[in-house]
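Following: one structure in structure tokens, then a few remarks.
The values are calculated or read from the model by the stated rules, or taken from the named source; none is laboratory data. Quick caveat: nothing in here was measured; it's all calculated off a predicted structure. Reconstructed Cβ throughout: ideal geometry from the backbone, glycine too, with neighbour counts over all protein chains shown.
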Amino acid sequence: MSGTPICPTCHKRVYFNERLTFAGKDYHKIGCFKCTSCHKTLEISKARESDGMPYCANCHAQKQGLKGFQPGNVLTSYTGYGGGKGEVDNSTVVGGRIAEVAAQEEAEQMRNAPVRSAPTPSDLPKFCPSCGAKNNGGKFCSECGNKF
């Protein structure tokens, strides 16, 4: 029985009929093939490998990340293949503008925008223009469903 592999999760023997092989290691199909980080049960088709260990897609993305760029960083200058190094700016570009400037402009527009109030019941018609039913104070006709 020395040829029977050992499961890396539970450290028990894995027999042929209960074996699931991933990244060169044999796991029990039920209960042992889990994400190394969050311990969520994995399917073989959705498992990701890093350093010989199984991970779910979310944990693998968090562990590996993007190589070269980090979230929120913007490459401000690039000279091409090997001609120099790009400089990283920690501000984020939104629609061609830096996010801080865009947020300030948006806040200024909100301060200067006219205040809109919701229509009062006196502003709404008393009868539905489509079916002629009486308005009971709502925005929609209770008979036909059209908007007042």
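Just one of the listed residues (ALA61, ALA103, ALA118, ALA107) is modelled with pLDDT under 80 and not in a loop (DSSP other than H, G, I, E, B), namely ALA103. Residues in the stretch 1-57 that are in contact with a Lys or Arg (Cβ under 8 Å, 6 or more places away or on another chain), outside any loop (DSSP other than H, G, I, E, B) and not charged (D, E, K, R): ILE6, LEU20, TYR27, HIS28, THR41, SER50, PRO54, TYR55, ALA57. Of all residues in the stretch 10-32, those that are of a type in the set (Lys, Arg) have Cβ atoms under 6 Å from Cβ atoms of residues that are buried (at least 17 other Cβ atoms within 10 Å of the Cβ), 6 or more apart or on another chain, in ARG19/ASP26; LYS25/PRO8; LYS29/LEU20. Residues that are in contact with a Leu (Cβ under 6 Å, 6 or more places away or on another chain), farther than 30 Å from ILE6 by Cα, modelled with pLDDT under 85 and surrounded by 12 or more Cβ atoms within 10 Å (Cβ to Cβ): does the stretch 81-98 have at least one? Checking the stretch 81-98: at least one residue is in contact with a Leu (Cβ under 6 Å, 6 or more places away or on another chain), farther than 30 Å from ILE6 by Cα, modelled with pLDDT under 85 and surrounded by 12 or more Cβ atoms within 10 Å (Cβ to Cβ).
Out of the residues in the stretch 38-56 that are aliphatic (A, V, I, L, M) and under 15 Å from ARG19 (Cα atoms), state the one that is farthest from the chain's Cα centre (by Cα).
So the residue we want is ILE44.
Among the candidates GLY52, GLY137, which residue alone is in the same structural domain as CYS32 (by TED's automatic domain parsing) and modelled with pLDDT of 55 or more? None of the others qualify; the one that does is GLY52.
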